[in-house]
1. Restricting the search to the range 157-173, which residues are part of a helix (DSSP H, G or I) and without any contact (Cβ under 8 Å) to a residue 12 or more places away in the chain?
2. Any residue that is at pLDDT 95 or above, out of contact with any helix residue (DSSP H, G or I) (no Cβ under 8 Å at 6 or more places or on another chain) and on the phi < 0 side of the Ramachandran plot - is there at least one of those in the range 176-188?
3. Would it be correct to say that residue 169 is on the phi < 0 side of the Ramachandran plot, modelled with pLDDT of 95 or more and in contact with a strand residue (DSSP E or B) (Cβ under 8 Å, 6 or more places away or on another chain)?
4. Being touching a helix residue (DSSP H, G or I) at 6+ places or on another chain (Cβ under 7 Å) and assigned to a loop (DSSP other than H, G, I, E, B) is the filter; apply it to the range 112-140 and report the residue that is surrounded by the fewest Cβ atoms within 10 Å (Cβ to Cβ).
5. Hey, residue 13 hits all of (1) closer than 18 Å to residue 105 by Cβ; (2) part of a helix (DSSP H, G or I) but one; which does it fall short on?
6. Only residues that are within 17 Å of the chain's Cα centre (by Cα), part of a helix (DSSP H, G or I) and surrounded by fewer than 18 Cβ atoms within 10 Å (Cβ to Cβ): list them for the range 25-51, please.
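The values are calculated or read from the model by the stated rules, or taken from the named source; none is laboratory data. Source: prediction; values computed, not measured. Cβ coordinates were reconstructed from backbone atoms using ideal geometry, including for glycine residues, and neighbour counts include every protein chain displayed.
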């Protein structure tokens, strides 16, 4: 049933999300499991062009424009990569549809039903197998962002907004039908790597 799952990592900036995606990628390579790795925004050539536009510090889009750009990047991934490999290869995604709800609805206040409608229109029958939600406290968030050399405009949001977005993620996790695994990224990295690897094994054996 889970031979070729879709595995998603979600979380706000500084939550350790991408670190764990990197770990899982290396783990899958060692296991010699065929997989596709994507990130949002970004993923393929077209989506990466949109990513640069969205995250540029020179950009100052209206929140609706941001939403539509994110969805445009997602559609490129879906049409060019995900739909072609769904059920054929494991798909590993660094942020996906729930990030749009967390940021654009819970963070920016755009209508939930509107975002859900657009997401559902794009993904159609694509089903996520498991989502790892990485949570971080305010102290560690500040420390981790302060260590980044190059900050994009989503690395510079107000900390109150990050808090709202993370609370939104938690609300989403309680509503979703697919499996959600909460990762406390305030704990040591090795502990979380072990938790994630054990969960991944359930879906690839």
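1. Quick first cut of the range 157-173, residues part of a helix (DSSP H, G or I) only: 159-173.
Passing the criteria: only 160.
2. Kept after step one, since they are at pLDDT 95 or above, are these residues of the range 176-188: 181-188.
Now drop any that are not out of contact with any helix residue (DSSP H, G or I) (no Cβ under 8 Å at 6 or more places or on another chain), which leaves 187-188.
Narrowing further to those that are on the phi < 0 side of the Ramachandran plot: 187-188.
Yes, the range 176-188 has at least one match.
3. Values: on the phi < 0 side of the Ramachandran plot: yes; modelled with pLDDT of 95 or more: yes; in contact with a strand residue (DSSP E or B) (Cβ under 8 Å, 6 or more places away or on another chain): yes.
Yes: the conditions hold for residue 169.
4. 126
5. (2)
6. Residues of the range 25-51 within 17 Å of the chain's Cα centre (by Cα): 25, 35-44, 47-48, 50-51.
From what's left, part of a helix (DSSP H, G or I): 25, 47-48, 50-51.
Across the range 25-51, the qualifying residues are 25, 48.
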